[in-house]
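Quick notes on the structure that follows.
The values are calculated or read from the model by the stated rules, or taken from the named source; none is laboratory data. Keep in mind it's a predicted model, so treat the numbers as computed, not measured. Note that we place each Cβ from the backbone using ideal geometry, even for glycine, and neighbour counts take in every protein chain shown.
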Amino acid sequence: MSRKRLFWPALAFALVLLAAGCDEAPKEAASSGESGGAQGGLNIAVVTHGQASDPFWSVVKNGVDAAAKDTGNTVNYQAPQTFDMVEMSRLIDAAVAGKPDGLVISIPDAKALSGSIKKAVDAGIPVISMNSGSDTYKELGVLTHIGQTEFEAGLGGGERMAAAGVKNAVCVNQEVGNAALDLRCEGFTESMTKAGGKVKVLAVNLADPTDAQQRISAGLGDADGVFTLGPTGATPALAALKADNKLGQVKLATFDLSPEVLQSIADGEVLFAIDQQQYLQGYMPIVFLTQYKKYGVVPTGVVQTGPAFVEKANAAQVIDLSKEGIR
Amino acid sequence: MAVTEAPPGPQADERVRRAGLLRRLLARPELGAVAGAILVWVFFALVAGNRGFLTLDGTASYLAVASELGILAVAVSLLMIAGEFDLSIGSIIGASGMVIAMLNIEYGWPLWAAIVMAIAFSLVAGFLNGLVVVWTRLPSFIVTLASLFIFRGLTIGITRLVTGRTQLGGIDTDAPVVSWLFGGEIGRFSVSIVWWLALAALATWVLLRTRVGNWIFGAGGAPDASRNLGVPVNRLKIGLFMTTAFSACLVAILQVVNFGGADVLRGTGQEFQAIIAVVIGGTLLTGGYGSAIGAVFGALIFGMVRQGIVITGVNADWFQVFLGAMLIVAVLVNNYIRKKAAEAKR
């Protein structure tokens, strides 16, 4: 009687587990089939902090998948549902328990993740970090870091702005106090100053776009350039320039891509956008780990995936790639 | 009700002795969860055994997940047996963690003092939950749904107001007693497992061996009759809300000490995970029937599935599908078993 009672729940459990497992099966079969010719055969785990709903991280995941296919490795990508370091460290723990041949992680909070990362390093698993963690990866025993460092990216943006003839710029910061954004403005200021220009930092609140537009409008003064730190800042800045009829005289540039920003670049309203090419942040670690396992070679130091610049000349191409989830 | 719960001790009642082993097992609310836990373990041992599920690291990883949820589930099981819900515990995890982090980082309090303050905060929060439920006689589902949002909103608002951020990191967790109590590891196993098992043992003892335990079953099964018999139902319920809030605070402490920081969004959704673990563990949503041991196994199943999926290599996105399916299966099994148990009693 007891056996009979357990049969149905047992069957139900098995069916549910199988049903979910099915999705992964064809993918693995595909990549192992590919590995017939390629080197491959490695089992690599990727754990990032990117939420499933964020288009930025879909591009990263596409890079990971493409690299898995090209190298013939089996890659297992995991990310917490929300930005949650506790859950992310649990995912790393589970990945490490699976004894992968290599581990790729992002390090948005070194203190919270250090325990789990050290466990992986102690277990002899080669670890590469990407996207965030450029200043902490070394002390954790991570081999190399692949990403865009904020200060250098701001520096590159300033050089471009100065080259376009901007002398007096405003750096629009939507989150004063966010270290990453402050660094972008600092880098921008340094290279602009070096070129003989000057920069004023303008703090805005993006929760209210109308207010942000007004503040940018009022803060412009006699500036001939505006540098925003993301598409969410670029939109009100563009609206402000349009409203004040300054579109031609004041040059606008921004960090990061969005469909709106790309269209504005194609239309000539935005000078350029800084792209950190996160596709490579997914693609490169898999390639590096493959080479490391094969020959023990790996780049040293931070591998920069940005700043790359999207301008009018290449905007159309980037728009197409963006639709494919590559930019 | 509670009467049938008494396990056969050395001087077991002859009525209990007459029933066969099978019937006695059938009468246990946690049977479904124990069987489920064995099934899930066997499943992952077969599917992911060669990928590390059976290793020490793999075991430590799912026990760490199960233990934190288990601490919540054990407390929630007591409350649910008494016929009430607490949806605010996830928010209390976030709030308590922030209390510790802010006092320690912004105001320079020593870690132990910040922890004591967080415990005091959680007890007050639980007291308020209970008081509003008892006073207004509104369903606790509604009252604590409101406090879920209130506590979460206050945590985000106050943290941003004081610090300008939503995450606080860099807490020095090397304080002697604190790190031993909450941050240590036994071998590779997290110390939270000890807390989990100790609390489960305590809750089981209270439920089955004390007067308060009988009150809990009575308050959930037949509140009016219990009141008429002189059970202090109101005080009991307020106490149980304080217990669940305290368990949330304990989880927050463990997370802060182990991860060196707090985040205003910590604990989001944990209230539902705890309820799921308790229901899988055989406790009835209507109250009056259930066990803390069942909640332990419910949390264990949860942890094994959660980490097992990742170890197997299936994307963790699928975890929520399993969870929902498991909940339905567990409730169906429990209903079936309860029907059989009712027949066996006759």
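Tell me yes or no: at least one residue of segment B:253-263 is touching a helix residue (DSSP H, G or I) at 6+ places or on another chain (Cβ under 6 Å), of a type in the set (A, V, I, L, M, F, W, C) and closer than 29 Å to B:Ala48 by Cα. Yes, segment B:253-263 contains a residue that is touching a helix residue (DSSP H, G or I) at 6+ places or on another chain (Cβ under 6 Å), of a type in the set (A, V, I, L, M, F, W, C) and closer than 29 Å to B:Ala48 by Cα.
Could you check how many residues of segment B:263-274 are surrounded by 24 or more Cβ atoms within 10 Å (Cβ to Cβ) and either at the interface with chain A (Cβ under 10 Å from one of its Cβ atoms) or under 19 Å from the mean Cα position of the chain (by Cα) (or both)? Show your work before the answer.
So the first thing to find is which residues in segment B:263-274 are surrounded by 24 or more Cβ atoms within 10 Å (Cβ to Cβ), and the list is B:263-264, B:266-267, B:271, B:274.
Pick out the ones that are also either at the interface with chain A (Cβ under 10 Å from one of its Cβ atoms) or under 19 Å from the mean Cα position of the chain (by Cα) (or both) and you get B:263, B:266-267, B:271, B:274.
Residues meeting the conditions: 5.
When B:Val257 is tested against (1) in contact (Cβ under 8 Å) with a residue 12 or more places away in the chain; (2) part of a loop (DSSP other than H, G, I, E, B), just one condition goes unmet, and that condition is (2). Residue pairs whose Cβ atoms lie under 7 Å apart, sitting 6 or more positions apart in sequence or on different chains, and linking a residue in segment B:51-73 that is facing another protein chain (nearest Cβ under 8 Å) to a partner that is part of a loop (DSSP other than H, G, I, E, B), are B:Arg51/A:Gly98; B:Arg51/B:Gly313; B:Gly52/A:Gly98; B:Gly52/A:Lys99; B:Asp57/B:Arg188; B:Gly58/B:Gly52; B:Ala60/B:Arg188. Sub-6 Å Cβ pairs linking a first residue in segment B:315-341 that is more than 9 Å from chain A (Cβ to nearest Cβ) to a second residue that is in a loop (DSSP other than H, G, I, E, B), at least 6 apart or interchain, are B:Asn334/B:Gly282; B:Ala341/B:Ala27, ordered by first then second residue.
How many residues does segment A:241-297 contain that are β-branched (Val, Ile, Thr), under 30 Å from A:Gly219 (Cα atoms) and in a loop (DSSP other than H, G, I, E, B)? It would help to see each step written out before you state the result.
Start the filter on segment A:241-297 by keeping residues that are β-branched (Val, Ile, Thr), which leaves A:250, A:254, A:261, A:265, A:270, A:274, A:286-287, A:290, A:297.
From what's left, under 30 Å from A:Gly219 (Cα atoms): A:250, A:254, A:261, A:265, A:270, A:274.
After this cut, where a residue has to be in a loop (DSSP other than H, G, I, E, B) as well, the list is A:250, A:270.
Number of matching residues: 2.
Restricting attention to segment A:77-96, the residues that are modelled with pLDDT of 90 or more and either closer than 16 Å to A:Ala123 by Cβ or assigned to a helix (DSSP H, G or I) (or both) add up to 9. Determine whether segment A:58-65 contains at least one residue that is on the phi > 0 side of the Ramachandran plot and not polar (S, T, N, Q). The answer is no; no qualifying residue exists. The set of residues in segment B:236-261 being modelled with pLDDT of 95 or more and more than 16 Å from the chain's Cα centre (by Cα) consists of B:Leu236, B:Lys237, B:Ile238.
Which of the following residues is surrounded by 18 or more Cβ atoms within 10 Å (Cβ to Cβ) and touching a helix residue (DSSP H, G or I) at 6+ places or on another chain (Cβ under 9 Å): A:Tyr283, A:Tyr292?
Details: A:Tyr292 fails: touching a helix residue (DSSP H, G or I) at 6+ places or on another chain (Cβ under 9 Å).
So the residue among A:Tyr283, A:Tyr292 that is surrounded by 18 or more Cβ atoms within 10 Å (Cβ to Cβ) and touching a helix residue (DSSP H, G or I) at 6+ places or on another chain (Cβ under 9 Å) is A:Tyr283.
Could you check segment A:149-181 and list, in sequence order, the residues that are within 14 Å of chain B (Cβ to nearest Cβ), part of a helix (DSSP H, G or I) and within 13 Å of A:Phe255 (Cβ to Cβ)? If you could, list the steps in order and put the result at the bottom.
Residues of segment A:149-181 within 14 Å of chain B (Cβ to nearest Cβ): A:173-181.
If we keep only those that are part of a helix (DSSP H, G or I) too, we end up with A:179-181.
Passing the criteria: A:Ala180, A:Leu181.
Cβ-Cβ distances below 6 Å connect the following pairs, each with a first residue in segment B:211-228 that is more than 15 Å from B:Met80 (Cβ to Cβ), a second residue that is in a helix (DSSP H, G or I), and a separation of six or more residues or different chains: B:Val212/B:Val206; B:Asn214/B:Ala2; B:Ser226/B:Gly218; B:Ser226/B:Ala219; B:Ser226/B:Val233; B:Arg227/B:Val233. Taking each residue of segment B:75-101 that is at positive phi and looking for partners that are in a loop (DSSP other than H, G, I, E, B) with beta-carbon atoms closer than 9 Å, six or more apart or interchain, yields B:Gly83/B:Thr286; B:Gly83/B:Gly287; B:Gly83/B:Gly288. Within segment A:121-139, being under 23 Å from the mean Cα position of the chain (by Cα) and either part of a helix (DSSP H, G or I) or within 14 Å of chain B (Cβ to nearest Cβ) (or both) holds for A:Ser132, A:Gly133, A:Asp135, A:Thr136, A:Lys138, A:Glu139.
Restricting segment B:153-165 to residues that are surrounded by 15 or more Cβ atoms within 10 Å (Cβ to Cβ) and closer than 24 Å to B:Pro110 by Cβ, which is modelled with the lowest pLDDT?
Taking the candidates together, the pick is B:Arg165.
Okay, residues lined up against (1) among the charged types (D, E, K, R); (2) over 30 Å from A:Pro100 (Cβ atoms):
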position	(1), (2)
A:Gly225	no, yes
A:Thr300	no, no
A:Gln317	no, yes
A:Lys323	yes, yes
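The listed residues are A:Ala52, A:Ala67, A:Ala25, and the only one of them that is outside the structural domain of A:Tyr295 (by TED's automatic domain parsing), out of contact with any strand residue (DSSP E or B) (no Cβ under 6 Å at 6 or more places or on another chain) and either at pLDDT 95 or above or within 22 Å of B:Gln307 (Cα to Cα) (or both) turns out to be A:Ala25.
Just one of (1) surrounded by fewer than 24 Cβ atoms within 10 Å (Cβ to Cβ); (2) in a loop (DSSP other than H, G, I, E, B); (3) within 14 Å of chain B (Cβ to nearest Cβ) fails for A:Pro100. It is (1).
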